[in-house]
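Accompanying notes for the structure given below.
Please treat every number below as a calculation from the coordinates, not as lab data. Keep in mind that what you see is a predicted model, and the values were worked out from it rather than measured. Every residue, glycine among them, receives a Cβ derived from its backbone with ideal geometry; neighbour counts consider all protein chains shown.
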Amino acid sequence: MVDLPASELMIHNESADHNYLARLLASLDEDDYPVPLGVFRCIDKPRYGELLEEQIKLATRNQGRGVLRDHLRAGDTWQVN
């Protein structure tokens, strides 16, 4: 272990807008560097499922519920022989 002054230390912020330090920490080779442990990246964004549900609600509100049978029989179709 090496004693360093606080001015020489890099403090990792897992909630930072950029992710380059998190990617750097994740790619450190354990043969050459100490193994970093902890949270590398923590961002507060909506999950895919939440965004999808909101998109479905918006489309249903604007266009109505719809009928699957009508959707399947609409538009171009093709036949596989």
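Computed quantities for the displayed model
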{"read-out": "Unit charges at the beta carbon, dipole of the chain: most positive-side option, L37, Y48, V80", "value": "V80"}
{"read-out": "Chymotrypsin sites (Phe, Trp or Tyr not before Pro) restricted to the chain and DSSP loop, no more than 16 other C-beta within 10 Å", "value": "F40, W78"}
{"read-out": "Calculated volume of the Cα convex hull per residue in Å³ (choose from (i) 79; (ii) 220; (iii) 87), label", "value": "(ii)"}
{"read-out": "Sequence-separation-based contact order of the chain, relative, with Cα cut under 8 Å and 6+ spacing, percent", "value": "22 percent"}
{"read-out": "Electrostatic dipole magnitude of the chain [Cβ: Lys, Arg +1; Asp, Glu -1; Cα centre; debye, to 20]", "value": "1040 debye"}
{"read-out": "Sum of side-chain charges, Q63 neighbourhood, beta-carbon under 13 Å (Lys, Arg +1; Asp, Glu -1)", "value": "+2"}
{"read-out": "Cα-projected label distance for R65 with E14, points at 7 Å along beta-carbon direction, nm", "value": "4.4 nm"}
